[in-house]
Amino acid sequence: MQSSARQGESGVINVQPLREQIYDYLRNDINKGNLQPGQLVNTNEISRSMGISKTPLREALIQLECDGFVTILPRRGVMVNRLTLSDVRESWEICRAFESEMINRLFHRIDASCIASMEAINNEMKEAMAEKDTDRFYQLNIDFHDAFLSLSDNRQMLRILKRIKQRLYDFLSRSCIPEWETVNCDEHEHLIELLRSGDRESATAFLRDIHWSFEKQEDHIRRFYKQATKEEVALAGE
């Protein structure tokens, strides 16, 4: 396995395998909008600009395809995928099923320290919202859920959730929807109350039927994921 030790602007040596560095670089370009949905990736240009060979670049692109960010087209190149409303719905349903199941199974492990951590993160989310720091808000949102998900020993499920959330939150330039951010923080507070009260059944149902319900959150989702096509939005509304 090829690896590289490069020094970044912060002075910290990056010892990630080279393919992972390239993966992160390309995913960041997609997130920032430097690579647009539907755009063909110029692999020769990337190889030259990064000073890398085709092998680690190809490995990174294969991983990006596995994670749903790009499609490798035979004899045409690599195309950045569009995130459709159908993609969002399916991803939402997976998160809903996994997280509600995990909070039910992990309930006995969620102690006062974990709950305090979730509360602190939710307060930071409110600060990020007040500062209109959308990137920080959505990273903290992931951290909030990870506070209890990280108690799980199911590495496969955690990997799947991480990959799906990367696609949901990193696939496009994030929109700022203040009303949804407020609802999100309020729902987190309610979940914390249910955890503190020891109500396993209600906490599980709340995650499943409210917080991760596509139907309950659909109005906000449609506004957030603006890259869904008009045709898909129309079909979803039928």
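List of remarks:
- Set of aspartates and glutamates with alpha-carbon distance to Lys216 below 13 Å, sequence-local pairs under 8 removed: Glu93, Glu187
- With the cut-off at under 15 Å, measuring from each backbone N in segment 176-200 to a point 7 Å along the Cα-to-Cβ line of Lys132 picks out 176-179.
- Anisotropy class of segment 93-148 from Cα gyration tensor, a/c 1.5 cut: oblate
- Sites listed here are trypsin sites (Lys or Arg not before Pro) in segment 73-144 whose DSSP assignment is loop and whose Cβ has at most 11 other Cβ atoms within 10 Å: Arg75, Arg76, Lys132.
- With 25 Å as the limit, the listed pairs Lys165/Lys226; Lys32/Lys226; Lys54/Lys226; Lys54/Lys162 have Lys54/Lys226; Lys54/Lys162 beyond it between alpha carbons.
- Averaging 1/r across all pairs of distinct Cα atoms in segment 47-149 and inverting the result yields a Kirkwood radius of 17.2 Å.
- Taking 0.36 nm per residue of separation and subtracting the Cα-Cα distance, full extension of the segment from Met50 to Asp186 would add 44.6 nm.
- Applying 0.36 nm per residue to the separation of Arg155 and Ile62 and subtracting their alpha-carbon distance, the gain on full extension is 31.3 nm.
- Distance (nanometres) between label positions extended 7 Å along Cα→Cβ at Ala205 and Lys32: 4.7 nm
- Per-q log10 I(q)/I(0), segment 85-236, q = 0.09, 0.15, 0.21 Å⁻¹ (Debye; single scatterer per alpha-carbon; no solvent): -0.27, -0.78, -1.54
- Arg75/Arg196 FRET efficiency (R0 35 Å; Cβ-Cβ; nearest 0.05): 0.05
- What separates the Cα centres of segment 99-128 and segment 166-223 is a distance of 13 Å.
Where a number appears in this text, it was derived from the coordinates with a stated rule and is not lab data. Model, not experiment: these values are computed from the prediction. As a convention, Cβ positions derive from the backbone with ideal geometry for all residues, glycine included, and neighbour counts pool all protein chains shown.
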